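One structure below.
The values are calculated or read from the model by the stated rules, or taken from the named source; none is laboratory data. Keep in mind that this is a model prediction, so the values were computed, not measured. Here the Cβ positions follow ideal geometry from the backbone for every residue, glycine too, while neighbour counts run over all protein chains shown. Just so you know, the surface numbers come from the protein's heavy atoms only, side chains and all, with ligands and any DNA or RNA stripped out. Shrake-Rupley method; radii C 1.70, N 1.55, O 1.52, S 1.80 Å.
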There are 2 protein chains.
Amino acid sequence: MAASPILDELIAALRCLPGVGPRSAQRMAWHLLQRDRKGASRLTQALERSLAQLRHCERCNGFSEEDVCALCANPRRDASRLCVVETPADLAMIEQTQTYDGLYYVLMGRLSPLDGIGPRELGLDRLLARAGDGEVKEVILATNFTNEGEVTAHTLAALLSARALVVSRLSRGVPVGGELENTDIGTIAQALAERRALS
Amino acid sequence: MAASPILDELIAALRCLPGVGPRSAQRMAWHLLQRDRKGASRLTQALERSLAQLRHCERCNGFSEEDVCALCANPRRDASRLCVVETPADLAMIEQTQTYDGLYYVLMGRLSPLDGIGPRELGLDRLLARAGDGEVKEVILATNFTNEGEVTAHTLAALLSARALVVSRLSRGVPVGGELENTDIGTIAQALAERRALS
């Protein structure tokens, strides 16, 4: 595409999106310019507004237009429980279950020493301060069950253990609707080790 | 993500990108806002400039900042050959071979009656006018070898046959480096039917 430096720059800029390689970027640029110019200008505006107006909620660290987001400001949420998640997407998944009415703390990442993300970079002190507000009684660790998510959960559990708080973790096991035949061995081993007595 | 309408709108806007579903859009929004704000503002600017400044080259119909793109304006390109491709990405692929020094015509799509894209929607009359400029001696049909690309090539061949032009098509066959064992049967059948005499 030597024909246009502007198009080259658009293709290069699209590659800052996660999971977008040179081919996808080229296809996206073509699609936006040829098929969906309205979508392209909508995206431009949405990016501009988001960059200008979104900040971190003072309480949950999620993205918010206000100092405190609507969820944290909602008086009907149970302030005694604090669910710790890695990303806003994880928060959204838990909200979709409609089974949790406590509050959240969004880490905006996970511990990843290999990438230089330690407790300080992740701002764990802010979470500790948040959990120590006197109202929180239970901290539910809902980081992912990846290696990094587990390390993050273990580190947080250790940091929180000194306080008079219940610290819990999402259960591991066979997914709902899952067949043992199609479940990985590690998960089955966990489900066996953490089996529940049926009362 | 009920916490922020602005974030919701960004996620919705990202979905105008081809191949991006709700999950990817959410991950992209998070990545842009949390990890790569510089990339996000670069993308904003690139989109803005592209929408404002890119138009179709008068000769090849590709994207260009000028009325005639650099490739079409290059006097060292052989104006007697015109290669017809579906998209700018296809043009880029052929340029990367460094084996073609003729000119191009970019259809910006393909015939697709089911989607309501017929000869008129695709602007085939402009291609016919371009091919009839007196300088063009050969039209090389390099549309894809998909059903729609083949239909487009056949239609163009029929439209161009009335003129004193050589009309050719990219050859089909086993890919370079390909093993017969791993090549699909249709391709092998084509390669057999269109076998070349070794002189």
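Things to note:
- Residue within segment B:39-52 that is touching a strand residue (DSSP E or B) at 6+ places or on another chain (Cβ under 8 Å) and more than 7 Å from every other protein chain (Cβ to nearest Cβ) present: no
- Selection from segment B:135-151 of residues that are surrounded by fewer than 16 Cβ atoms within 10 Å (Cβ to Cβ) and either among the aliphatic types (A, V, I, L, M) or in a helix (DSSP H, G or I) (or both): B:N147, B:V151
- Only residues that are open to solvent by 60 Å² or more (accessible area, probe 1.4 Å) and in contact with a strand residue (DSSP E or B) (Cβ under 8 Å, 6 or more places away or on another chain) were counted in segment A:165-189, giving 3.
- Flag for B:R42 being under 20 Å from A:G39 (Cα atoms), crowded, with 16+ Cβ neighbours inside 10 Å and touching a helix residue (DSSP H, G or I) at 6+ places or on another chain (Cβ under 7 Å): yes
- Checked against the criterion of being over 18 Å from B:Q34 (Cα atoms) and in contact (Cβ under 8 Å) with a residue 12 or more places away in the chain, the candidates A:L124, A:L128 yield just one match: A:L128.
- Of the numbered criteria (1) open to solvent by less than 40 Å² (accessible area, probe 1.4 Å); (2) in a helix (DSSP H, G or I), the one B:N61 fails is (2).
- Residue within segment B:146-163 that is under 20 Å from B:R77 (Cα atoms) and modelled with pLDDT under 95 present: no
Rundown of residues vs (1) within 14 Å of chain B (Cβ to nearest Cβ); (2) open to solvent by 30 Å² or more (accessible area, probe 1.4 Å); (3) part of a loop (DSSP other than H, G, I, E, B); (4) of a type in the set (A, V, I, L, M), yes/no style:
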site	(1), (2), (3), (4)
A:V68	yes, yes, yes, yes
A:M93	yes, yes, no, yes
A:Q96	yes, yes, no, no
A:L128	no, no, no, yes
A:D133	no, yes, yes, no
A:A153	no, no, no, yes
A:R163	no, yes, yes, no
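- Selected residue (criterion: farthest from B:Q96 (Cα to Cα)) from residues of segment A:11-37 that are more than 8 Å from chain B (Cβ to nearest Cβ) and open to solvent by 10 Å² or more (accessible area, probe 1.4 Å): A:R35
- Residues of segment A:1-44 satisfying the condition of being among the acidic types (D, E) and assigned to a helix (DSSP H, G or I): A:D8, A:E9
- Of residues in segment B:70-91 being within 7 Å of chain A (Cβ to nearest Cβ), hydrophobic (A, V, I, L, M, F, W, C) and crowded, with 16+ Cβ neighbours inside 10 Å, the one farthest from A:R27 (Cα to Cα): B:L71
- Of all residue pairs spaced 6 or more apart or on separate chains, those with beta-carbon atoms under 9 Å, a first member in segment A:167-190 that is under 30 Å from A:G132 (Cα atoms) and a second member that is open to solvent by 90 Å² or more (accessible area, probe 1.4 Å) are A:S171/A:R196.
- Of the residues making up segment A:1-31, those that are aliphatic (A, V, I, L, M) and in contact (Cβ under 8 Å) with a residue 12 or more places away in the chain are A:M1, A:L7, A:L10, A:I11, A:A12, A:L14, A:A25, A:M28, A:A29.
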